[in-house]
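Accompanying notes for the structure given below.
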C-alpha cells in the first residue's frame, strides 16, 4: 500500500530523516520506535503531506505522492492523528468530529459513521455539545482518533497515541487501535511505549538519528537483545 524510498527531511541545515525506506502492506499495523529526535514524527509528517521531503520518493497505492499536499493526501485516504491530540479546543465534540469529514459530501454515510463512532467511544456521545478543550486528556485522545476515522481513511497515522495518559487509559487506547486494525484500516503508529506497541504490531522499524537500523516482526524485536536493552529497559 505504502512505499517510502530514500526519504530525506530537513529542518534548515539539520537532517531529521536520512535515506529512510519503509514498506507498509494493506491491513498491516506497523510501528516506528526510537528515541526522541530519531525522526519518527518527521516521517509521519512527510507521509501525510505536512512536510515536504528534501529527497526521496513516497508512493501510495502505486501512485507517486512525494509532492502531494496534506489536502491531497487526505483525499487519497491518508489521515494523520498528531502527537498531543491537537483537538480544536473551542469547538464542541460534535464539531470536531465533523471537521474530520469536511472533504466528504455523503450526508447519510457521515451520520452512519457518527453513530458508529459513538458506539466505539460512548463518552463522546455524552460530551457531544461540550467544548473539546474542557475534556480530559483521555477523552481528547478518543476525540482525536475519532476525528481522523471520520474521514474513512485507508491508512491511519497515529503519533504517540498513549502519550500522557493514565495506565488504564493507555490499555483502552491500545484496545481501540486493535479494533481499528481489525476493521481493515492500515495503521502506522509512532509510540514511546515500545513494549505494548511491539506486542500489538505486525512489523516494526527502529529509527536512530533519522535512519532505519533494524526491522522485523513485533515478536522478533521483542526478543532482540539490543532492542530489549535500548527501548524496553531489559538488560542482556
I'd like the orientation of helix 107-120 relative to the chain: the angle between its Cα long axis and the longest Cα principal axis, in ° from 0 to 90, rounded to 10.
70
Quick check: the angle from helix 167-182's long axis to the longest principal axis of the chain, C-alpha only, nearest 10 degrees?
90
Given axes a ≥ b ≥ c from the Cα gyration tensor, I'd like to know whether the stretch 1-139 is rounded (a/c under 1.5), prolate (a/b larger than b/c) or oblate.
prolate
Listed highest first by mean packing, meaning other Cβ atoms within 10 Å per residue, what order do 37-46, 205-214 come in?
37-46, 205-214
Rounded to 5, percent antiparallel among DSSP beta bridges of the stretch 2-231:
55
With Cα coordinates, the longest principal axis of the chain makes an angle with the long axis of helix 137-149, in degrees rounded to 10, of 90
Could you tell me the distance between the Cα centroids of the stretch 159-212 and the stretch 1-44, to the nearest Å?
15
Relative contact order (percent, whole number), the stretch 2-231, Cα cutoff 8 Å, 6+ residue spacing:
28
Rounded to the nearest 5, what is the percent of antiparallel bridges among the DSSP beta bridges in the stretch 113-236?
55
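Values in this text are rule-based calculations from the coordinates and carry no lab data. Note that the coordinates shown come from a computational prediction; the quantities given were computed from them, not determined experimentally. Here the Cβ is made from the backbone with ideal geometry for all residues, glycine too, and neighbour counts use every protein chain on show.
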